[in-house]
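Below is one structure, written out as C-alpha cells; comments come after it.
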Amino acid sequence: MHLARFPRLHVAHLPTPLERLDRLSAALGGPEIWIKRDDCTGLSTGGNKTRKLEFLMAEALAQGADMVMTQGATQSNHARQTAAFAAKLGLDCHILLEDRTGSNDPNYNANGNVFLDDLHGATREKRGPGLDMNAEMEAVAETFRAKGRKVYIIVGGGSNPTGALGYVDCAFELLAQANARSLRIDHIVTATGSAGTQAGLVVGLKAMHAGIPLLGFGVRAPKARQEENVYALACATAEKIGAAGCVARADVVADTDYVGEGYGIPRADTLEAIRMFAQLEAILLDPVYSGKAAAGLIDYCRKGRFTAGERVVFIHTGGAAGLFGYTAAFA
Ligand SMILES: *Cc1c(COP(=O)(O)O)cnc(C)c1O
C-alpha cells in the first residue's frame, strides 16, 4: 500500500527514535525493553495525535476549512496537539472538554494540557460527563456554520480511518528501523484509548506480514468493547488503504486490567510506572495513558508473561504535559 496517495502535512519529527531501555530492562530482570519515542513527535511537547493530525489537517485544508473543532477529556493531549497544529496552519480551533473525572483540582482544570490549549490560542468550552460528545460538537459546529465559518470536525482522539493512517505509517517506520538494525521484535505494546493508534498499527503490521503480536493496554472501556472498537476501525482503515480483510478479529488484543477506577484516575501501579521510567530512564510518562500501559508492561515482565530473551517494544504515545494537571496524585 502506498500512503502517499493521501493528503498529508509533514509536521511531525519523524522517524521518532527507537531506543533500548537498559536500566529498566535490568531492574525488571526479564525481556529486553525498547521504546519507540512517539512522545518526541515535536509538536507542543509531542505525542501520538500528531501523526494522525498530519492526515486529518491535510483533509481539513483540502476541504477549505477555516477552523477546526475537536473534543476530549479536560486533560486531553489530543485537544492540545490539535490546538497546536491549528495554530501552525493559521486555522482557528474550538475545543469541547468533557469533565470525565469530576476533579476540582485547579491544576487539573487549568494547568497542563489546558494551559497549552489556551496558549496556542484555541477557544474552549466545558461539558459534563456522559454526553455524546461528538453530537455535542456537531451542534456547536452548526452555530459556527450559521455564521459562515467553514468548520472541519475532528472526532475524539482523531480516531477515524484518516487519522489511523498515521499509525499505519508508524508500523512501517518501526519495521524499517528494526530491519535496518537486524533487531528481532517479539512483542509490541502500547496504550489504547479511542482506538486509532492500535487500529493503525495492527493494519500496518498485518499488511506487511510482520508476524509481531501487538497488545493494547486499555485506559477506559472494558476489554470486549475496546477490542471491538479497535477491530471496527482497523477494518475500515484496511479498506481505505486497499488492504481490506488483512486484519482478523484475533489480531486485536487489549488488556484492560490496569485501568483501575476509571479513565483519567491513576492507580498506585500507574504512579510507580511513571516514577520508574523517570528515575531509571529519564523518560516522562503520563497518568492517563502511557503510565497505565507501562504499568501493564512492568507487570507482564514481573509475572513472566514477557520473558528473558524476548524483545519488547513499548510505543510511548506521549502525554507528559498532563503530569502538570496531576501533581496532587504524586504528593
Ligand atoms: C490519545 C492517547 C493515547 C491513546 O491513543 P488512541 O489512538 O486514542 O487509542 C495514548 N497515549 C496518549 C498519551 C494519548 O494522548
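The values are calculated or read from the model by the stated rules, or taken from the named source; none is laboratory data. Since we're looking at a predicted model, the values are computed, not measured. Note: ideal-geometry Cβ built from the backbone for every residue, glycine included; neighbour counts use all protein chains shown.
Given the conditions (1) farther than 28 Å from Gly128 by Cα; (2) part of a loop (DSSP other than H, G, I, E, B); (3) away from the ligand (no atom under 16 Å from the Cβ), report the number of the one that Leu43 does not fulfil.
The single condition Leu43 does not satisfy is (3).
As an exercise: evaluate Phe217 against (1) surrounded by fewer than 19 Cβ atoms within 10 Å (Cβ to Cβ); (2) farther than 19 Å from Lys52 by Cα and give the number of the one condition it does not meet.
Here Phe217 meets the rest and fails (1).
Starting from residues that are assigned to a helix (DSSP H, G or I), within 16 Å of the ligand (Cβ to nearest atom) and in contact (Cβ under 8 Å) with a residue 24 or more places away in the chain, keep the ones in region 275-293 and report whichever is farthest from the chain's Cα centre (by Cα).
Per the stated criteria, the residue is Phe277.
Identify the single condition in (1) among the β-branched types (Val, Ile, Thr); (2) free of Cβ contacts under 8 Å to residues at least 60 places away in the same chain; (3) within 25 Å of Pro266 (Cβ to Cβ) that Thr123 does not satisfy, given that it satisfies every other one.
Condition (3) is where Thr123 drops out.
Conditions tested, residue by residue: (1) touching a His at 6+ places or on another chain (Cβ under 7 Å); (2) closer than 24 Å to Val140 by Cβ; (3) buried (at least 23 other Cβ atoms within 10 Å of the Cβ).
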{"position": "Leu9", "(1), (2), (3)": "no, no, no"}
{"position": "Gly30", "(1), (2), (3)": "no, no, no"}
{"position": "Gly72", "(1), (2), (3)": "yes, yes, yes"}
{"position": "Phe85", "(1), (2), (3)": "no, yes, yes"}
{"position": "Arg100", "(1), (2), (3)": "no, yes, no"}
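Here are some residues: Ile154, Ile185. Which one is more than 8 Å from the ligand (Cβ to nearest atom), touching a His at 6+ places or on another chain (Cβ under 9 Å) and at pLDDT 95 or above?
Exactly one residue qualifies, and that residue is Ile154.
It is to be established whether one or more residues within region 85-92 are of a type outside the set (Val, Ile, Thr), within 16 Å of the ligand (Cβ to nearest atom) and either free of Cβ contacts under 8 Å to residues at least 24 places away in the same chain or closer than 20 Å to Gly163 by Cα (or both).
Yes, that holds for at least one residue.
Can we say Gly296 is small (Gly, Ala, Ser), touching a Lys or Arg at 6+ places or on another chain (Cβ under 9 Å) and within 13 Å of the ligand (Cβ to nearest atom)?
Criteria not met by Gly296.
Mind checking which residues of region 295-331 are assigned to a helix (DSSP H, G or I) and either of a type in the set (Ser, Thr, Tyr) or under 12 Å from Asp39 (Cβ atoms) (or both)?
Correct list: Tyr300, Ala320, Ala321, Gly322, Leu323, Thr327.
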